[in-house]
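Take a look at the structure set out below.
No lab work stands behind these numbers, since they all come straight from the coordinates. Keep in mind that what you see is a predicted model, and the values were worked out from it rather than measured. As a convention, Cβ positions derive from the backbone with ideal geometry for all residues, glycine included, and neighbour counts pool all protein chains shown.
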Amino acid sequence: MQQFVTNLEQSQRVIHALILREINGRFGASRLGYLWAILGPLISIGALYFIFSFFRERDTQDMPLLMFLVTGWFTFGFYTSMVNDLANAASSNQALLMHAPVQRLDVLTARGTLVTFTTFAFFVIAAVLGMLIEGSGLPHDVGLVMQSFAGAGALGISIGTTISAIMTYFPFAMNFLQPVNRIGFFVSGVLFTASILPSWTHAYLKWNPMIHPVEGMRQGWFESYQSPVLDLRYTYGIALPLMAIGLYLERRTRRGIKF
Amino acid sequence: MSGVSGPIRLRNVHKSYKTKAGWNHVLRDISLDIKPTDRLGVLGRNGAGKSTLLRIIGGSEMPDAGSVERGMSVSWPVGFGGHLQPSMSGRANAKFCARVYGRDVDQVIDFVLKFSELGKYLEEPYRTYSSGMKARLGFALSMAIEFDCLLIDEVTAVGDPSFRQKCNDALDEISENRAFVLINHGLAAIDRLCNRVIVLGVDETPFQSSMVHRTIKAYERCLKGEPWVPPEPQ
């Protein structure tokens, strides 16, 4: 028991050090590091806003366009950044494992924590901008918004951890997932809502575990929107067992390949 | 330092790597004790498994078979700068190491500044450092954290003569109360600093002895192409 407490304290210390190191390495390169990081998604959303409001009008089911884009972008973005950051965490921090107290799970935890806080902070900033520009309101069902956001993150954590472990054997595993995620952006409701699609497509849409967090986020945020496909249990039903598998594989492949 | 020091025990350690040409068995059945008073020199040609042994002792790599017990705190392989973040300054890197090992950040920084003599370069990104400066920072950091057992991989072979002298003096000083494992192509350094040696890759099983000078002579003869003849005990 005492050993467990000592290990936990050490882990906590290491994760804290890793988070500070990541922040410094990622955003500390220039004085405006954080500003550059938030500008990226803002520019992308701004471009989409521009296109959809002037060239191709989009049926957003009475949702204000900018907020519609922000909710979709950051929910799906949370998932993809989580997958990418966790999957590459071990390979880009391989050298850190030279420090005996640093475990791969610490590196994964540090990155996961940082992605969560960064995405959350950026989401809040974008939402505030949306409210200022469009006059859109606060989310009407905060519980559903939180569950949806957490669902996207949980799916990202489970896939990221699993891929990270698999990459010990197959360093190119990420190359297979990358195109899937890219297509995922177009089929997960970031740029459309399930309700504008013909109802026969709903049965197929439901198979995509990322459609539910995005739809849940919209339904939770906008009172006017009722999703015809929303079932967050499906997303969690995939994420949680996969997370257990991912953590098991992580344990099996810790510090090098074992057969 | 952990306070209570016991030996580091390696028992029947095996390690192999997969290469394009097949499995390369780097370490075969190594059993080794490192006591808190030991200053172990590791001899062996390139590829004989010296650095692998160091990583296994340090715990950054697991053996394929066999066990490793650590009764004292062990450093990372010093001289290996890969754990330092290139875009971060020397100071930020030192802070990170201090935090990971739970040491006082200010004390570590003070020590590193004094020992490395990097001065204002400590504020510059690590990637801009010359190899000599990298060695200074790496070695200073490992001294600042105060491990019970230091693992030193060739670091004393880089840097200018005055820094090399400083490293050797520091090793002399710590050799009184701390253990270290030294990999160095400079056989003279091992001869002077170590009280035990292990020779890898000359025989089926590694040769271990506390007759440092005579083992080095035998190893030198082996390097010249003569068959390996272990020194006879006196």
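Using R₀ = 35 Å, calculate the FRET efficiency as 1/(1 + (r/R₀)^6) where r is the Cβ-Cβ separation of A:E57 and A:F120; round to 0.05.
On the way: r = 31 Å, r/R0 = 0.88.
E between A:E57 and A:F120, to the nearest 0.05, is 0.70.
If I stretch the segment between A:I19 and A:I245 completely, what's the gain in nm (0.36 nm per residue apart, minus their alpha carbon distance), one decimal? Numbers along the way, then the final one.
Values: separation 226, 0.36 × 226 = 81.36 nm, distance 2.51 nm.
Roughly 78.8 nm would be gained on extension.
State which entries of B:K50/B:K224; B:K50/B:K217; B:K20/B:K50; B:K15/B:K224 exceed 23 angstrom in Cα-Cα distance in the structure shown.
B:K15/B:K224
Considering every residue in A:92-104, what mean count of other chain Cβ atoms within 10 Å of its Cβ is obtained? Show your work: numbers first, answer last.
Details: counts 0, 2, 3, 8, 8, 6, 14, 11, 12, 6, 5, 0, 0.
The mean count of partner-chain Cβ atoms within 10 Å per residue comes to 6.
Which trypsin sites (Lys or Arg not before Pro) in segment B:161-234 pass both tests, a DSSP loop state and at most 15 other beta-carbon atoms within 10 Å? List each step's numbers first, then the result.
Working: sites: B:R164, B:K166, B:R178, B:R192, B:R196, B:R214, B:K217, B:R221, B:K224; in loops: B:R178, B:K224.
Those that pass, being in a loop and sparsely packed, are B:K224.
Over the Cα atoms of segment A:95-152, Rg to Rh with Kirkwood Rh, two decimal places?
Working: Rg = 17.0 Å, Rh = 14.0 Å.
Taking Rg over the Kirkwood Rh, I get 1.21.
With just the Cα atoms defining each centre, how far is segment B:183-234 from segment A:119-165? Give it in Å.
Segment B:183-234 and segment A:119-165 have Cα centres separated by 62 Å.
With n ≥ 4 as the cut-off for DSSP H runs, can you work out [θ] at 222 nm for chain B, using -39500 (n - 2.57) per run divided by the number of residues, rounded to the nearest 500? Walk me through the numbers on the way to the answer.
Details: 7 runs with 80 residues, N = 234.
The per-residue figure over chain B is -10500 deg cm²/dmol.
Can you pull the mean other chain C-beta count within 10 Å for peptide B:54-66? Write down the numbers at each step before the final one.
Values: counts 1, 4, 0, 1, 3, 6, 10, 4, 5, 1, 4, 0, 0.
Average neighbour count from other chains, rounded to a whole number: 3.
Using packing as a proxy for protection, rank B:26-37, A:195-206 so that the peptide with the highest average count of other Cβ atoms within 10 Å comes first. Don't skip to the answer; put the middle values down first.
Values: B:26-37: 17.6, A:195-206: 12.3.
In decreasing order of mean packing, B:26-37, A:195-206 become B:26-37, A:195-206.
Mind checking the alpha-carbon convex hull of segment A:110-259 and giving the volume per residue in Å³?
Numbers: hull volume 19.0 nm³, N = 150.
Residue-normalised Cα hull volume stands at 127 Å³.
Mind checking B:89-101 for the average number of partner chain beta-carbons within 10 Å of each residue's beta-carbon?
4
Which of the helices in chain A, when you take each full DSSP H run, stretch at least 18 Å along the axis at their Cα atoms and have an average Kyte-Doolittle score of -1.0 or higher? If you can, show how the numbers build up before the last one.
Working: long enough: A:2-27 (37 Å, -0.23); A:33-54 (32 Å, 1.70); A:65-92 (39 Å, 0.93); A:104-134 (44 Å, 1.45); A:142-169 (41 Å, 1.30); A:173-187 (22 Å, 0.79); A:232-252 (30 Å, 0.45).
Length and hydropathy pass: A:2-27, A:33-54, A:65-92, A:104-134, A:142-169, A:173-187, A:232-252.
To the nearest 20 debye, what charge dipole does chain A have about its Cα centre, counting +1 at the Cβ of each Lys and Arg and -1 at the Cβ of each Asp and Glu?
Working: 17 positive and 13 negative charges, 215 e Å.
Rounded to the nearest 20 debye, it is 1040 debye.
Out of the DSSP beta bridges found with both residues in chain B, what percent are antiparallel (nearest 5)? List each step's numbers first, then the result.
Numbers: 18 of 34 bridges.
The answer is about 55 percent antiparallel.
Enumerate by residue number the chymotrypsin sites (Phe, Trp or Tyr not before Pro) in segment A:125-176 meeting two conditions: DSSP loop (anything except H, G, I, E, B), and at most 16 other Cβ atoms within 10 Å of the site's Cβ.
A:F172
Semi-axes of segment B:1-141's equivalent ellipsoid from the Cα gyration tensor, sqrt of 5 times each eigenvalue, largest first, rounded to whole Å? Display every interim value, and only then the final one.
Numbers: eigenvalues 194, 79, 31 Å².
After scaling each eigenvalue by five and taking roots: 31, 20, 12 Å.
Three principal axis extents, largest first, for the C-alpha atoms of segment B:79-234, in Å?
52, 30, 29
Just from its helices, what would the mean residue ellipticity at 222 nm be for chain A, if runs of 4 or more DSSP H residues each count -39500 (n - 2.57) and the sum is divided by every residue, rounded to the nearest 500 deg cm²/dmol? Can you show the working numbers first?
On the way: 9 runs with 189 residues, N = 259.
So the calculated ellipticity at 222 nm is -25500 deg cm²/dmol.
Restricting everything to alpha-carbon atoms, can you work out Rg to Rh for the protein assembly as shown with a Kirkwood hydrodynamic radius?
On the way: Rg = 27.7 Å, Rh = 25.7 Å.
Rg divided by Rh gives 1.08.
In segment B:182-232, which chymotrypsin sites (Phe, Trp or Tyr not before Pro) are in a loop and have at most 14 other Cβ atoms within 10 Å, using DSSP for the loop call?
On the way: sites: B:F207, B:Y219, B:W228; in loops: B:W228.
Filter output for segment B:182-232: B:W228.
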